[in-house]
Amino acid sequence: MSQPRPESDIERGVWVDLAAVAILTIVTAWLSVRFEWMETLFAWTRPSEQFQLDELVPVLLMLAGGLVWFAGRRYRQARREVDARCAAQAGLAQALAAQRRLARQVLRLQEDERKRLARELHDETGQYLNAIKLDAVTLRDARGDLPEAVRERAQAIVSGIDHVQASVSSLIRQLRPVGLDELGLAAAVEHCIDGWRARLAATRFEVSIDPGIDALDESHSLAIYRLVQEALTNCARHAHASRVDILLACGPSHEAPHGDVLLEVRDNGVGAGANPSECASTGGLGLAGMRERIAALGGSLQAQGEPGRGFRLTARVPRAQVVSEAA
């Protein structure tokens, strides 16, 4: 959408046009006096007096005055339309800003709830599971004449608790990135990628992370981490790639010369379009959710892919926007 011209530029253009009209009028008057155009016209039309050609002057003056009146009305109407359009665009900008603030608030509340659930799972559920496991181990290793069936059931309880603890730990990692609060975004992203390396042994991951990325505030760090998390999940589900490149840069740098925060995830898999239903329905946040996260931070998200040529996801958040949000 093209931006409307500032009011000062419009006023300046009006005065320039008026100055041009005034100059042309003065030049025409001087030329008329210098070459006596009216006398020449009178002499030229004298033989054709029956056509009253010398009476064209007041008619032309009336036409000129009517055109001036018409132009003035059209100018005022256009000015009202421009003002209305500027007001509508200002209202739209305010609505978009309010929507972004609301989206940031919703995401913040969502992350706070996830953080609380992760803490509850770790502190409450984890402690009770440990207590149950200790009781089962004590029962299994107790000395005395205990039936073998009791020891087997105690071992089954221990195995079941180990499975539940692993599931709870995985759920906690999904709710709250491991190490994000203590070690920073770079370490959290590395830990997430290491988890996918273990799951996708046939896929090679090439990672480039700018150390300055740890300077981002919590909301932006969480948004970037969730994007990496969702992008790698999509790669595992749909791409069937043998190589995934992850670039995370914080400008100004060669990758982000304009000072943006840049995230790029690229694979050499089947690409978008090979199975449109899978590409459109990615589960979790999906492309729509990722766009909403980035848009709430004032950034942009681009997804590019062709069948058989891989898929590339590029997210940019203006550095100035990050600084203002942190402030």
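Here is how the numbers come out for the structure above:
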item	result
Which listed residue, of Leu146, Leu134, is assigned to a helix (DSSP H, G or I) and either outside the structural domain of Ser219 (by TED's automatic domain parsing) or modelled with pLDDT of 85 or more (or both)	Leu134
Qualifying residue in region 161-173 (condition: surrounded by fewer than 18 Cβ atoms within 10 Å (Cβ to Cβ), touching a helix residue (DSSP H, G or I) at 6+ places or on another chain (Cβ under 9 Å) and at positive phi)	no
Test: residue in region 180-190 that is closer than 20 Å to Phe311 by Cβ and either in contact with a Ser or Thr (Cβ under 9 Å, 6 or more places away or on another chain) or at pLDDT 85 or above (or both)	yes
Some residue of region 187-195 being exposed (fewer than 14 other Cβ atoms within 10 Å of the Cβ), among the acidic types (Asp, Glu) and outside the structural domain of Ala296 (by TED's automatic domain parsing)	no
Residue within region 243-255 that is part of a loop (DSSP other than H, G, I, E, B), of a type in the set (Asp, Glu), surrounded by fewer than 20 Cβ atoms within 10 Å (Cβ to Cβ) and at pLDDT below 80 present	yes
Hits in region 196-228 - residues which are farther than 15 Å from Val261 by Cα and touching a residue at least 24 places away in the same chain (Cβ under 8 Å)	Trp196, Arg199, Leu200, Ala202, Thr203, Arg204, Phe205, Glu206, Val207
Residue within region 299-306 that is assigned to a loop (DSSP other than H, G, I, E, B), closer than 20 Å to Arg108 by Cα and at pLDDT 65 or above present	yes
Residue list for region 131-152, filter: of a type in the set (Lys, Arg) and either in contact with a Gly (Cβ under 7 Å, 6 or more places away or on another chain) or more than 26 Å from Leu121 (Cα to Cα) (or both)	Arg140, Arg143, Arg151
Selection from region 156-192 of residues that are basic (Lys, Arg) and assigned to a helix (DSSP H, G or I)	Arg173
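Let's see how each residue does on (1) at pLDDT 75 or above; (2) among the small types (Gly, Ala, Ser); (3) closer than 30 Å to Arg85 by Cβ:
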site	(1), (2), (3)
Met1	no, no, yes
Ala20	yes, yes, yes
Ile23	yes, no, no
Val33	yes, no, no
Thr45	no, no, no
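The values are calculated or read from the model by the stated rules, or taken from the named source; none is laboratory data. Note that the coordinates shown come from a computational prediction; the quantities given were computed from them, not determined experimentally. Glycine also receives a Cβ, built like all others from the backbone with ideal geometry; neighbour counts cover every protein chain displayed.
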